[in-house]
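Below you'll find the structure, written out as structure tokens, and then a few comments.
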Amino acid sequence: MESEQALARGEHLMAAVDAHEHTHLTGPAADEAARRLETFGERARFQGTVVLDDNRLRRLMAKHDPAVYPGQYVTCVHDHAKALCERARHRRSEGLPDHGGCKPLACRNVALTPENTAAWQREIDRITRRLATRPTLPPLLRHRLEARRTEITAFLLENTTTRQSA
């Protein structure tokens, strides 16, 4: 199963590299993601040939996995030393991120694609609609939703500016 997941992720990453999507990332790990994906793309195009078959892509992922994990809200650029998801579990996870324990608004392993940013914006819109419902929400729920919306908005303001070329 892990091999199939790596293959699917590899195909997704190859498509992103070919479409130069890694140049449109923002967030704390955007530069690292772009570097890893550029290196991954160079290895995939070794000596002018492009990895097209599943077996070659599996070997490429086994040897040179960039440890970039696309998701709905964030793209994880996994670095064990900074991974809040692993710290929450108090143990090493064989170098894999724990998506169930992800803390995307605080983690420094986060890069954002335009699709990730749009997902966060939909979440803000959903919260705003919920806050506008009648009858009025209980005070504690209202407070938590308002705090969540504020937290997401601040995260996006801080992390969606275009990266500066180094």
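The values are calculated or read from the model by the stated rules, or taken from the named source; none is laboratory data. The structure displayed is predicted, hence computed values, not measured ones. Protein only, heavy atoms only, side chains kept; ligands, DNA and RNA dropped before computing areas. Shrake-Rupley method; radii C 1.70, N 1.55, O 1.52, S 1.80 Å.
Within region 14-29, restricting attention to residues that are assigned to a loop (DSSP other than H, G, I, E, B) and more than 13 Å from V110 (Cα to Cα), which residue is most open to solvent (accessible area, probe 1.4 Å)? Per the criteria, the residue is H20. Counting only residues that are at pLDDT below 80 and either under 26 Å from T160 (Cα atoms) or assigned to a strand (DSSP E or B) (or both), region 37-86 holds 1 of them. Looking only at residues of region 98-147 that are of a type in the set (V, I, T) and part of a helix (DSSP H, G or I), we find that the one that is least open to solvent (accessible area, probe 1.4 Å) is I127.
Taken together, E32, E11, E42 contain a single residue that is within 18 Å of the chain's Cα centre (by Cα) and open to solvent by 80 Å² or more (accessible area, probe 1.4 Å), which is E11.
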